[in-house]
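First comes the structure, then the notes that go with it.
The values are calculated or read from the model by the stated rules, or taken from the named source; none is laboratory data. Since we're looking at a predicted model, the values are computed, not measured. Note that each Cβ is placed from the backbone with ideal geometry, even for glycine, and that neighbours are counted across all protein chains shown.
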Amino acid sequence: MAKSTRSKSNPQSQLRHCSFCNRDERTVNQLIIAPESAFICDECVGACRDILAQGHPLEMFVRPDVPEKRALTPKDITNHMSEWVIGQTDAKRVLSVAVYNHYKRINNPSAGYIELEKSNILLIGPTGCGKTLLAQTLARVLDVPFCIADATSITQAGYVGEDVENILLRLIQAADYDVNRAARGIVYIDEIDKIARKGGDSPSLTRDVSGEGVQQALLKLMEGTVANVPPQGGRKHPHQDFLQLDTRNVLFICGGTFAGLEDVIAKRVGAHKTLGFTTQADGSIADRDYAALLQNVAPEDLVRYGMIPEFMGRLPIMTSIAPLDVAALSRILTEPRNAIVKQFEHLLSYDGVNLVFTDDAIQTAAAEALRRETGARGLRAIVEGVLMDVMYEVPSRSDVKRVIVNADAILHRTRPILENEQGQSLGWGNDSALEQAAA
Ligand SMILES: Nc1ncnc2c1ncn2[C@@H]1O[C@H](COP(=O)(O)OP(=O)(O)O)[C@@H](O)[C@H]1O
Ligand SMILES: [Mg+2]
């Protein structure tokens with residue numbers, strides 16, 4: 001198989017590398033980006049300066065001999081994650097400590113007499129608040145292969161659906177079929193709550209069986225096994241050669257919303273008394289207390305919820321993520337490295353247009369996303385909706401130099417303000433006028 005550079009062939013690895021010395025952005029202090037994706041780091045700029053000082057017309061670049069930087073500490077990992085993920089401080093701390101220990105264990109296989117056990121992680125929290133993003137970012141920061149699987153699409157062997165081994169195939173593909181790299185990767189399994197055994201009032205026997213069966217099947221991968229992975233995906237076939245993947249060092253992160261888990265926790269801790277939760281007239285728990293309750297989650301709550309004890313035994317680390325408020329949603333619009341607003345600013349800059357969101361507009365969009373109750377997921381649709389006309393009209397207008405999105409544009413769907421070079425407002429053409437101009 002042709003060996004291509006990782007950054008090209010593996011979309012998961014979005015780390016940028018110095019084109020001169022090939023060190024990645026985590027290990028250099030600064031990285032200068034040229035058009036067409038060429039990069040140079042601070043060390044190599046220094047080396048080039050030395051070459052220039054010698055004044056030879058043609059000189060070979062020699063990679064500067066810089067001592068390898070130390071491995072990332074949990075704090076480094078958290079800091080890097082914060083470039084992409086807003087808030088969720090507790091989860092970041094738990095995750096960064098867990099992966100730091102995980103890779104320490106892998107890198108020091110004979111670290112004394114104590115057999116360090118693998119610590120897979122369970123992420124609990126509302127939808128759209130960063131569970132998948134946290135796992136994805138972790139893999140990016142660590143530059144290890146990463147894949148996402150959906151627990152609902154997996155079935156136990158012999159039933160219709162996907163075999164668990166197909167998850168590992170995705171991991172192997174993320175590692176460009178380098179099985180050794182895949183063996184140190186991270187697998188994120190989403191919707192893990194959907195394979196809970198149904199208990200309580202409405203036992204649905206069929207779902208019971210398959211949910212528990214899937215937990216059993218995943219259990220084997222999570223505790224570590226040498227799995228036979230069909231290289232083409234699909235069902236195992238007797239005459240096929242399998243890829244063998246040892247999952248002992250693969251880190252599994254499971255995520256789920258676990259709707260109703262608060263009630264299970266509340267029942268156990270006697271919420272109202274012990275922790276001072278406010279119970280509403282109908283007996284439910286006040287919204288703002290959900291996050292606090294979730295922080296008290298214990299394995300037994302999840303067993304009561306329908307996870308089998310052995311499965312929970314393989315997820316020794318649990319952490320919850322909090323719902324996002326307007327302040328966090330506003331920051332998500334503007335701050336992360338790939339923030340939605342930054343993306344559209346960038347997109348419109350190709351048309352020579354400066355895109356401006358007023359602070360009001362950001363706040364309003366955040367409030368609107370909060371109202372939709374889908375976490376940060378609604379933000380893109382809101383911004384895209386407001387910019388649709390802009391993206392349609394602006395490329396054919398050379399007079400427009402600035403587009404201003406204000407709160408009205410978000411709230412009342414009025415069109416954003418267009419301005420020319422001198423800052424004067426311009427009118428919106430109608431489609432027929434545009435078509436005439438084009439004719
Ligand atoms: N804390 C956060 N910081 C930055 N972006 C976020 C955050 N939470 C969610 N998002 C954005 O919202 C979308 C959905 O997030 P995701 O991680 O898939 O949510 P879930 O918790 O349901 O897995 C993604 O596009 C992600 O970029
Ligand atoms: Mg998700």
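Looking at region 176-194, which of the residues that are of a type in the set (A, V, I, L, M) and surrounded by fewer than 24 Cβ atoms within 10 Å (Cβ to Cβ) is nearest to ligand 2 (Cβ to nearest atom)?
Going through the qualifying residues, I end up with ALA183.
Can you pull out every residue in region 408-422 that is charged (D, E, K, R) and either buried (at least 16 other Cβ atoms within 10 Å of the Cβ) or farther than 13 Å from ASN354 by Cα (or both)?
Of everything in region 408-422, those that are charged (D, E, K, R) and either buried (at least 16 other Cβ atoms within 10 Å of the Cβ) or farther than 13 Å from ASN354 by Cα (or both) turn out to be ASP408, ARG413, ARG415, GLU419.
May I ask you to list pairs of residues, at least six apart or on different chains, whose Cβ atoms are under 6 Å apart, with the first in region 145-171 being surrounded by fewer than 14 Cβ atoms within 10 Å (Cβ to Cβ) and the second being at pLDDT 95 or above and assigned to a strand (DSSP E or B)?
That search, which allows pairs on different chains as well, returns nothing.
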